[in-house]
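The values are calculated or read from the model by the stated rules, or taken from the named source; none is laboratory data. Here the structure is a predicted model, which means the values were calculated and not measured. Every residue, glycine among them, receives a Cβ derived from its backbone with ideal geometry; neighbour counts consider all protein chains shown. Note: areas computed on protein heavy atoms with side chains; ligands, DNA, RNA excluded. Shrake-Rupley method; radii C 1.70, N 1.55, O 1.52, S 1.80 Å.
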Amino acid sequence: MKADISNKHDIEEMINRFYDRVVLDEKIGHYFTEVVKVNWEKHLPIMYSFWENIIFHSGIYEGNPMALHQNLSQKSPLKMEHFQRWTKLFNETVDDLFEGEKAEYVKQRAMSIATIMQIKLFS
Ligand code: HEM
């Protein structure tokens, strides 16, 4: 049996493993390597805070992901299939590493944020 997500270190591991998959993915990897050349030293700590905020209400994330993805979609249109792939990779990463209430919660939140992003982008 796997453990649940229980501290900041777990979130860091989850995010690192998620982006390991993302950059290799044939459907969405190029958004991170070509459309935007992501500065990982900067991006990863932002993502740790974003998810820490969601899971433990203790992060210090203050960005605006909606605006950022709207901007990204203007460079290379984001479609439903991209969000489906993003969500699939996210869920697979969580399931590979963790099991429990927080693990279920984080997948649910990712899905609902992805849904809201799509509603905003496609309407
Ligand atoms: C089609 C799916 C998605 C793609 C291709 C995508 C791609 C990206 C890229 C390229 C960045 C920019 C990194 C940078 O400028 O350094 C980014 C930032 C970010 N993404 Fe996504 N993303 C997707 C979906 C999501 C979803 C569903 C969430 C949340 C559940 C999310 C959360 C974030 C956050 C929090 C940031 C950082 C914003 C900031 O800098 O304040 N993304 N994403």
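Brief remarks follow.
- Only residues that are in contact with a Lys or Arg (Cβ under 9 Å, 6 or more places away or on another chain) and part of a loop (DSSP other than H, G, I, E, B) were counted across region 60-74, and they come to 0.
- In region 77-91, the residues that are in contact with a helix residue (DSSP H, G or I) (Cβ under 7 Å, 6 or more places away or on another chain) and loosely packed, with under 13 Cβ neighbours inside 10 Å: Met80
- When region 14-32 is filtered for residues that are part of a helix (DSSP H, G or I) and out of contact with any Leu (no Cβ under 8 Å at 6 or more places or on another chain), the ones remaining, listed by number, are Asp20, Val23, Leu24, Gly29, His30, Phe32.
- Candidate set from region 1-27 (those that are of a type in the set (A, V, I, L, M, F, W, C) and in contact (Cβ under 8 Å) with a residue 60 or more places away in the chain); member that is surrounded by the most Cβ atoms within 10 Å (Cβ to Cβ): Ile5
- Extreme residue, farthest from the ligand (Cβ to nearest atom), among residues of region 1-32 that are farther than 19 Å from Leu78 by Cβ and of a type in the set (Val, Ile, Thr): Ile5
- Identity of the residue in region 33-46, part of a helix (DSSP H, G or I) and either free of Cβ contacts under 8 Å to residues at least 24 places away in the same chain or within 6 Å of the ligand (Cβ to nearest atom) (or both), that ends up most open to solvent (accessible area, probe 1.4 Å): Glu41
- Residue check, Ala110 under 16 Å from Met14 (Cβ atoms), more than 10 Å from the ligand (Cβ to nearest atom) and either open to solvent by less than 70 Å² (accessible area, probe 1.4 Å) or among the hydroxyl-bearing types (Ser, Thr, Tyr) (or both): no
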